[in-house]
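Peer 1: Take a look at the following structure, please.
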Amino acid sequence: AEQFCSDMYHAPFSHSSPVLASLPPDIDPSQAGWPMKGKQFSSEMGHGTGFFMDTPEFLFPLLGETAAGYYMQSGATAVTERLGEVRGVRMNGAHMTVFPTLSFLPGISTLRVWHPRGPDEIEIWAWTLVDKAAPAEVKGAYRKAVLRTFSPGGIL
């Protein structure tokens, strides 16, 4: 679970090819730059987070237009009203771990629990979380996006 709270720098190296491959045909790959500005936090107790700053468009190649658009408009509006602009729209592409075994990717809306099964084996339980009030089209778009990216058969 440590990668979910301390390894922000791996993403451009490990995930760029699948992200580029999933771009819509009308998007120039040179326009799909990886976010470079972000923040990291870790605690003495093993909890941690990292997130990019001011690059919400980063979610479009990962989630697709329907899910990313909903997250950035409807979802971000409610969060901004409740928590302010920094947490509502400026922080994105986050990854977090509550030590020892709970991790989540808020923008991508996946939650994971890591179950050690021995010295060389781990089992991962994963869920996709979507706003209960989201339209069925958005829920379906999130489901497909997570299946395509961060599932056992996904490309990320």
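The values are calculated or read from the model by the stated rules, or taken from the named source; none is laboratory data. On a predicted model such as this, the values are computed, not experimentally measured, just so you know. FYI the Cβ positions are ideal-geometry reconstructions off the backbone, even for glycines, and counts take in every protein chain you see.
Peer 1: Can you tell me which residues in region 139-156 are surrounded by 18 or more Cβ atoms within 10 Å (Cβ to Cβ), at pLDDT below 90 and of a type in the set (Gly, Ala, Ser)?
Peer 2: Passing the criteria: only ALA145.
Peer 1: Then there is this: For region 119-138, which positions are in contact (Cβ under 8 Å) with a residue 40 or more places away in the chain and among the polar types (S, T, N, Q)?
Peer 2: Within region 119-138, no residue meets the criteria.
Peer 1: Looking at this structure, is PHE58 in contact with a strand residue (DSSP E or B) (Cβ under 8 Å, 6 or more places away or on another chain) and not in a loop (DSSP other than H, G, I, E, B)? I'd like the intermediate steps shown before the answer.
Peer 2: Details: in contact with a strand residue (DSSP E or B) (Cβ under 8 Å, 6 or more places away or on another chain): yes; not in a loop (DSSP other than H, G, I, E, B): yes.
Taking the combined requirement at face value, the residue satisfies it.
Peer 1: Looking at region 119-138 only, could you name the residues that are surrounded by 15 or more Cβ atoms within 10 Å (Cβ to Cβ) and either in a loop (DSSP other than H, G, I, E, B) or at pLDDT 95 or above (or both)?
Peer 2: Answer for region 119-138, where residues must be surrounded by 15 or more Cβ atoms within 10 Å (Cβ to Cβ) and either in a loop (DSSP other than H, G, I, E, B) or at pLDDT 95 or above (or both): VAL130, ASP131, ALA134.
Peer 1: Related question: Mind checking which strands (runs of 3 or more DSSP E) fall wholly inside region 63-118 and carry at least 2 residues that are of a type in the set (Val, Ile, Thr) and either surrounded by fewer than 16 Cβ atoms within 10 Å (Cβ to Cβ) or at negative phi (or both)? If you could, list the steps in order and put the result at the bottom.
Peer 2: On the way: elements: 91-98, 102-105, 110-118.
Filter on region 63-118 gives 91-98, 110-118.
Peer 1: Next question. How about region 52-77: which of its residues are more than 13 Å from ARG90 (Cα to Cα) and without any contact (Cβ under 8 Å) to a residue 40 or more places away in the chain?
Peer 2: If the condition is that a residue be more than 13 Å from ARG90 (Cα to Cα) and without any contact (Cβ under 8 Å) to a residue 40 or more places away in the chain, then PHE60, ALA68, GLY69 are the ones that fit.
Peer 1: Can you work out which of the residues in region 68-110 that are of a type in the set (A, V, I, L, M, F, W, C) and closer than 22 Å to ILE124 by Cβ is farthest from the chain's Cα centre (by Cα)?
Peer 2: Initially, region 68-110 is screened for residues of a type in the set (A, V, I, L, M, F, W, C), giving 68, 72, 76, 78-79, 83, 86, 89, 91, 94, 96, 98-99, 102, 104-105, 108.
Now narrow it down to the ones that are closer than 22 Å to ILE124 by Cβ: 94, 96, 98-99, 102, 104-105, 108.
Values: ALA94: 6, MET96: 10, VAL98: 16, PHE99: 18, LEU102: 14, PHE104: 8, LEU105: 4, ILE108: 3 Å.
By that ranking, first place goes to PHE99.
Peer 1: Any idea which of (1) among the hydroxyl-bearing types (Ser, Thr, Tyr); (2) within 25 Å of VAL138 (Cα to Cα); (3) touching a helix residue (DSSP H, G or I) at 6+ places or on another chain (Cβ under 6 Å) is the one THR97 doesn't satisfy?
Peer 2: Status for THR97: all satisfied but (2).
Peer 1: Restricting to region 7-30, name every residue that is within 18 Å of GLY107 (Cβ to Cβ) and in a helix (DSSP H, G or I).
Peer 2: Those that are within 18 Å of GLY107 (Cβ to Cβ) and in a helix (DSSP H, G or I): HIS10, ALA11, PRO12, SER14, HIS15, SER16, PRO18, VAL19.
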